[in-house]
Amino acid sequence: MEKKIAIVGAGALGGHVGAYLARDGRDVTLIDPWPEHVEHMRARGLTLEGQTEAECFTTPVNAIHITELQSTANGRPFDFAFVAMKSYDTVWATEMIRQYLAPGGFCVSLQNGINEERMAGVVGWGKTIGCIASTIAVELTEPGHIRRNVKLGGERHTVFRLGEVHGRVTARTQEIAAMLACVDSSTATDNLWGERWSKLVVNCMRNPVAAATGRGGNANDSDDHTRFLAIRLAGEAIEVGMALGFQLETVYGIAPEDILAATKGDAAALKRCEDRLFENMKHRSDKQRPSMGQDIAKRRRTEIDFINGLVVEKATDLGLSVPANEAIIEAVKTVERGDAPAGPERVEKI
């Protein structure tokens, strides 16, 4: 029998994945808290815009309001649910969908940050899977419209990595990875925690700089100061991850060891890092803004406490110093509170 899938949070990432799954003929229900977005999807479908003609399409989707979820109890329960909400919404969103899962159902964290422990606190570790979405750069620009601002990963870069918390590849992670192949490159991993922390490093170096400066990724990477600030933020997060014992993967296509060496004055390593950042600029639109930058522009709460804040928390436990991450948190919160506008001057002293 075809798996019945829920996506809790049909924003940029959840909606992007949901649209492809729906077009692929999957039994998928998109559940979202933004009424206008849900009504648009119901009336006119979900429109995706990408970097190539094949990525630009509109597809009908089954979209419901959160208030309508209870009506699904009259039908077959969901076999599994992607939770694609902000980190700070993980617990209540997981608790909400838990009641509508089949007895063997489970949840998949399709989010930034490291939320598996929060999810497991609701449904249990055995019903928790992680899914990293790496270098996908999607944005919900208006109700019913999602834009992807980077090229497809394809063979060049694996976008989706499904992992079990115990580290073994299982039939269910392989099955979901196969489903997601209709969206972009996908695989099951035996290194969930290393993959998660590596993605966290990327979020640490990309998201807060965009939020504090109000600029997109290409503009920040073109600026000598913000480009090196991103490398410093990444280096601190890598040091913490290594101290925690994680097996780190490449970070934005850069070897973690090169980033660490670059922050300690190795000119050759710095050049390798910068060359890769410049190369990455070729694969994304100038319109691209990391999600935290999008949140600031939309006057939404950011995930700074769950991204750079997690690095600071773990560093404190380990007795490590992460001054750049501490400073960028305050810069982002200054903008988020409305105490000062976003701009390059917010980070010029970091």
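Computed from the coordinates by the stated procedures, all read-outs in this text should not be read as laboratory data. It should be emphasised that the depicted structure is a prediction, and the values quoted were computed from it without experimental measurement. All Cβ positions, glycine included, derive from the backbone under ideal geometry; neighbour counts span all protein chains shown.
Listing L162, L101 from fewest to most neighbouring C-beta atoms within 10 Å gives L101, L162. Projecting the Cα atoms of W92, L30, C204 onto the charge dipole of the chain, computed from C-beta unit charges around the Cα centre, puts L30 farthest toward the positive end.
Summarising the label geometry, the points placed 7 Å from Cα in the beta-carbon direction at E142 and E39 lie 1.6 nm from one another.
In this structure the amide hydrogen of V347, modeled in the peptide plane, comes within under 5 Å of no amide hydrogen from residues 5 or more places off or on another chain.
Can you sort K199, K3 by how many other beta carbons sit within 10 Å, fewest first?
K3, K199
About its Cα centre, the dipole of segment 195-346 is roughly 600 debye, where the only charges are +1 on Lys and Arg Cβ and -1 on Asp and Glu Cβ.
Between the beta carbons of V91 and C182, assuming R0 = 25 Å, the FRET efficiency works out to 0.25 to the nearest 0.05.
Per 0.36 nm of contour for each residue apart, how much would the distance between D339 and A267 grow if the chain were fully extended, relative to their Cα-Cα spacing? Intermediate results must be reported in sequence, preceding the final value.
Working: separation 72, 0.36 × 72 = 25.92 nm, distance 3.73 nm.
Extending this stretch completely gives an extra 22.2 nm.
V61 sits among other residues whose Cβ lies under 11 Å from its own Cβ, and their net charge, with Lys and Arg +1 and Asp and Glu -1, is +3. With neighbour counts taken as other beta-carbon atoms within 10 Å, the residues E326, E345, E155 rank, fewest first, as E155, E345, E326.
Backbone geometry of segment 161-171 corresponds, through the Karplus equation with coefficients 6.51, -1.76 and 1.60 at θ = phi - 60°, to 3J(HN,Hα) couplings of 10, 9, x, 8, 5, 8, x, 9, 6, 10, 4 Hz, x marking Gly and Pro. Using a cut-off of 25 Å between Cα atoms, the listed pairs K298/K333; K282/K314; K4/K298 include K282/K314; K4/K298 as exceeding that distance. Gain on full extension, evaluated as 0.36 nm per residue between N74 and T59 minus their Cα-Cα distance, stands at 2.8 nm.
Please say if segment 279-346 is rounded, prolate or oblate, where rounded means a/c under 1.5 for a ≥ b ≥ c the square roots of the C-alpha gyration tensor eigenvalues, and otherwise the choice is prolate for a/b larger than b/c and oblate otherwise? The shape class here is oblate.
Just for the chain, what percent of DSSP beta bridges are antiparallel, to the closest 5?
Working: 14 of 42 bridges.
Beta bridges within the chain, antiparallel portion: roughly 35 percent.
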